[in-house]
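*Asks:* Structure in C-alpha cells, see below.
The values are calculated or read from the model by the stated rules, or taken from the named source; none is laboratory data. Please read all numbers here as calculations on a predicted model, not as lab measurements. Glycine gets a Cβ as well: all are built from the backbone with ideal geometry, and neighbour counts include every protein chain shown. The accessibility values were calculated without ligands, DNA or RNA, using every heavy atom of the protein model including side chains. Shrake-Rupley method; radii C 1.70, N 1.55, O 1.52, S 1.80 Å.
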Amino acid sequence: MLQTEFVRNLQSNYERIRLEKKPEEKRYQYCILSRGGIRGLLPCSLRYIDGEAYLYYDITSRQSVEQLFAQKTIGRVWVKDFLWSIRQIRQELERFLLEERNILWNPQQIFQDLEHNQFSFLYLPYSEEESGFHSLLEFLVERLDYEDEKLVEYVYKLYEQYEEKGEVYLQEQIFEDAKLLEQTSEKAAPEATPPEGTAEEAEETAALWEPSEEAGEEPDEQEKRGFFSFLESRKRKNRQQKDRYRQSLQLSMEDQMVAEEFSYGEEDYGRTVYIEEPKKQREIVRRLYTPEGKIAAQLGEGTLTIGKKKEEADLVLEDLSVSRIHARITKEGEDYYLEDMNSTNGTVKNGLRLQPYEKRKLEEEDEICLGSVSLTFR
C-alpha cells in the first residue's frame with residue numbers, strides 16, 4: 001500500500017511517496033522520469049532521507065481532482081477535456097517507451113492546473129500497485145451532473161465496459177464511445193476546447209443507443225431500462241439532498257421566527273399558563289475579519305473556499321500573493337478547520353505554516369495569513 005504525504009519547501013509543494021525498497025536508480029524508467037520534460041507527467045525526483053527512498057512529485061500551482069470536486073458536480077466539458085488529456089498522456093508514454101499501467105488514476109493523484117486547464121498525472125516506475133482507475137470511475141459516478149443525461153449515459157457505459165473488459169477497454173474504445181458527448185443534450189452544454197497539443201477533435205456521431213439500420217441491431221432493452229432506472233435513482237437522490245438542505249436552513253431560522261400573537265378569552269383569566277423552557281441560545285456565528293475590523297466573510301454550515309479565481313472561490317481575495325484556490329474553512333461538528341489547498345505562498349495559522357492539504361482547528365482570535373493577506377477568525 002502506498003505511503004504518501006504532502007510536503008512543502010521554500011519554493012515548491014510536493015506529494016511524496018515512500019518506496020518500500022531501495023530502487024535501482026539506473027533502470028530506464030527512473031532515469032527517464034528524473035530527466036523530466038514529459039508533457040502531462042508530474043515532475044519527479046528521487047531523494048533519500050534517513051536511509052529511506054522517496055519519490056517527490058512537484059504539485060505546485062495544481063489542485064487534485066479529488067479536492068476540486070469535493071463540493072461540486074462534474075460536467076460534460078470537464079469530462080471531455082479530461083479524455084483529451086488521457087489521449088495526450090498515452091501518446092507521450094508511447095513516445096518515451098513508458099508503460100501506461102504505471103500511471104496512478106486515483107482522483108487524489110490526478111492534478112489540474114486551473115490557469116492553463118492542463119492535467120498532470122503521477123507515474124510510479126515499476127509499480128505493482130492497482131492503477132486506481134476503478135476508484136476514478138466511482139468518483140465520477142458519485143459527482144456527475146445528473147441533469148445531463150448524455151453525460152450520465154456515457155459514464156454509465158464506461159463503468160460497465162471497464163468492469164467487463166478491464167484495461168483493454170481503455171486502449172481505444174473509450175474514445176470511440178466518447179463521441180456520444182459531442183451530441184447536444186436537453187440541458188445545453190458549452191463546447192469543450194481541447195488543451196494545447198492534443199489530438200484533433202472527435203467527429204460527431206449518432207446516439208449510442210440509437211438502432212443501427214445497416215447492421216440491423218438494436219440495443220438491449222434490459223440495458224436501457226437499467227440505465228434509466230439508474231439515472232432516475234441518482235436524480236431522486238440529488239433532490240432528496242436538496243430537500244434536506246432546505247429543511248436544515250428552515251430549522252436554523254427557527255430562533256429568528258416571530259411568535260404568533262395569542263389572545264386570551266375571559267374564561268382564561270386567572271388560569272396559570274405553563275411556559276416551556278426557552279430553547280438554548282443560538283449558535284454563535286463565526287466570521288473572518290480584516291485587520292481594519294471589517295467583515296470579510298461569514299462562516300456557515302458548509303465549506304468556505306478562499307482564493308482569487310472568482311469561478312472557484314467563495315471569498316475572493318484579489319491579491320497577487322493569493323493562489324487561485326488558496327485555502328478553505330470547513331465546519332465539522334461544532335468546530336471550524338482551516339485547510340491549505342496546495343497554495344504557492346502558503347497558509348499560516350498564528351505563525352505556523354500548514355503543509356499542503358493539512359487541516360488545523362481554528363480557535364477564536366486566530367490569525368490566518370494567506371500569502372500577504374491577513375484575516376482574523378472570531
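*Asks:* So in the stretch 344-363, with the set limited to residues that are free of Cβ contacts under 8 Å to residues at least 40 places away in the same chain and open to solvent by 50 Å² or more (accessible area, probe 1.4 Å), which one is farthest from THR60 (Cα to Cα)?
*Replies:* Ranking the qualifying residues of the stretch 344-363, first place goes to GLU363.
*Asks:* Collect the residues in the stretch 15-37 that are within 24 Å of GLN118 (Cβ to Cβ) and either small (Gly, Ala, Ser) or free of Cβ contacts under 8 Å to residues at least 60 places away in the same chain (or both), keeping them in residue-number order.
*Replies:* ARG16, SER34, ARG35, GLY36, GLY37
*Asks:* Ok, one more. Filter the stretch 305-343 down to the residues that are among the aliphatic types (A, V, I, L, M), out of contact with any Asp or Glu (no Cβ under 9 Å at 6 or more places or on another chain) and open to solvent by less than 30 Å² (accessible area, probe 1.4 Å) and list them by number.
*Replies:* Within the stretch 305-343, ALA313, LEU315, LEU317, VAL322, MET341 meet the criteria.
Table: residues versus (1) under 23 Å from THR4 (Cα atoms); (2) touching a Cys at 6+ places or on another chain (Cβ under 8 Å); (3) crowded, with 17+ Cβ neighbours inside 10 Å.
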{"site": "LEU83", "(1), (2), (3)": "no, no, yes"}
{"site": "PHE121", "(1), (2), (3)": "yes, no, yes"}
{"site": "TYR146", "(1), (2), (3)": "no, no, yes"}
{"site": "LEU158", "(1), (2), (3)": "no, no, yes"}
{"site": "GLN161", "(1), (2), (3)": "no, no, no"}
{"site": "GLU164", "(1), (2), (3)": "no, no, no"}
{"site": "TYR169", "(1), (2), (3)": "no, no, yes"}
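*Asks:* Would you confirm, using the coordinates I've provided, whether LEU122 is modelled with pLDDT of 90 or more and in a helix (DSSP H, G or I)?
*Replies:* no
*Asks:* Let me ask something additional. In this structure, does LEU299 turn out to be under 24 Å from GLN63 (Cα atoms), over 20 Å from the mean Cα position of the chain (by Cα) and surrounded by fewer than 12 Cβ atoms within 10 Å (Cβ to Cβ)?
*Replies:* no
*Asks:* In this structure, is PHE69 among the aromatic types (Phe, Trp, Tyr), within 13 Å of the chain's Cα centre (by Cα) and more than 19 Å from GLY37 (Cα to Cα)?
*Replies:* Values: among the aromatic types (Phe, Trp, Tyr): yes; within 13 Å of the chain's Cα centre (by Cα): yes; more than 19 Å from GLY37 (Cα to Cα): yes.
It is true that PHE69 is among the aromatic types (Phe, Trp, Tyr), within 13 Å of the chain's Cα centre (by Cα) and more than 19 Å from GLY37 (Cα to Cα).
*Asks:* Anything in the stretch 46-69 that is open to solvent by 40 Å² or more (accessible area, probe 1.4 Å) and out of contact with any Pro (no Cβ under 6 Å at 6 or more places or on another chain)? List them, or say none.
*Replies:* LEU46, ARG47, TYR48, ILE49, ASP50, GLY51, GLU52, SER61, ARG62
*Asks:* Look through ALA189, ALA178 and report the one residue that is modelled with pLDDT under 90 and assigned to a loop (DSSP other than H, G, I, E, B).
*Replies:* Matching residue, one of ALA189, ALA178: ALA189.
*Asks:* Next question, about the same structure. Show the residue pairs meeting these rules: Cβ distance below 7 Å; 6+ apart or different chains; first residue within the stretch 284-310 and under 20 Å from GLU339 (Cβ atoms); second residue open to solvent by less than 80 Å² (accessible area, probe 1.4 Å) and aromatic (Phe, Trp, Tyr).
*Replies:* So the pair list comes out as ARG286/TYR336; ARG286/PHE377; LEU288/PHE377; ALA296/TYR289; LEU299/TYR336.
*Asks:* Inside the stretch 34-86, can you point out the residues that are within 30 Å of ALA313 (Cβ to Cβ), hydrophobic (A, V, I, L, M, F, W, C) and part of a strand (DSSP E or B)?
*Replies:* Those that are within 30 Å of ALA313 (Cβ to Cβ), hydrophobic (A, V, I, L, M, F, W, C) and part of a strand (DSSP E or B): LEU41, CYS44, ILE74.
*Asks:* Go through the stretch 88-103 and give me each residue that's more than 10 Å from GLY40 (Cβ to Cβ), in a helix (DSSP H, G or I), in contact with a helix residue (DSSP H, G or I) (Cβ under 9 Å, 6 or more places away or on another chain) and charged (D, E, K, R).
*Replies:* Passing the criteria: GLU94, GLU100, ARG101.
*Asks:* In this structure, is LEU46 modelled with pLDDT of 90 or more and of a type in the set (A, V, I, L, M, F, W, C)?
*Replies:* Answer is yes for this residue.
*Asks:* A further question on this structure: When the stretch 7-25 is examined, which residues are found to be outside any loop (DSSP other than H, G, I, E, B) and within 23 Å of GLU128 (Cβ to Cβ)?
*Replies:* Here is the first cut: in the stretch 7-25, the ones outside any loop (DSSP other than H, G, I, E, B) are 7-8, 13-18.
Of everything in the stretch 7-25, those that are outside any loop (DSSP other than H, G, I, E, B) and within 23 Å of GLU128 (Cβ to Cβ) turn out to be TYR14, GLU15, ARG16, ILE17, ARG18.
*Asks:* Specify the residue that is nearest to LYS26 (Cα to Cα); the eligible residues are those in the stretch 136-149 that are in contact with a helix residue (DSSP H, G or I) (Cβ under 7 Å, 6 or more places away or on another chain), at pLDDT 90 or above and not in a loop (DSSP other than H, G, I, E, B).
*Replies:* The qualifying residue nearest to LYS26 (Cα to Cα) is LEU136.
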